[in-house]
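Just so you know, all these numbers are worked out from the coordinates, no wet-lab data involved. Since the structure is predicted, the reported quantities are computational estimates derived from the model, not experimental observations. Ideal geometry is used to build each Cβ from the backbone, glycine not excepted, and the neighbour counts take in all protein chains shown.
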Amino acid sequence: MTNITMNSDGSISMPFNPKWMCVEDCGFVHILPINDICKHDYEFCLCDPRIEMDGRLIVHNSFDGREYLETGQCS
């Protein structure tokens, strides 16, 4: 998951990726894996998401490990 940016109007942009989706919930933006093997929670997610952009962006980790394949960390 790269190239996530905050625009001058405060909105968040990311390039299209068919394996990830962007969801807004209570003023926060969550980047979530699509069709992951376990369900993600917006408040207390077990995937240990990282918080970015002054706490407005929550980037979830996949349970199936797809980010390792996407970044070339595993083959």
Checklist entry - Toward the positive end of the charge dipole of the chain, about the Cα centre and with charges on Cβ (Lys, Arg +1; Asp, Glu -1), which of PRO18, GLY55, PRO33 goes farthest? => result PRO18
Checklist outcome for this item: Charge tally for neighbours of LEU46 with beta carbon under 15 Å away, counting Lys, Arg as +1 and Asp, Glu as -1, is -3
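Subtract the Cα-Cα distance of LYS39 and SER13 from 0.36 nm times their separation in residues, and report this length gain in nm to one decimal. Each step should come with its number before you reach the end.
On the way: separation 26, 0.36 × 26 = 9.36 nm, distance 2.37 nm.
Extra length from LYS39 to SER13 when fully extended: 7.0 nm.
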Next on the checklist: Using C-alpha positions alone, give me the convex hull volume of the chain per residue in cubic angstrom.
Outcome noted: 98 Å³
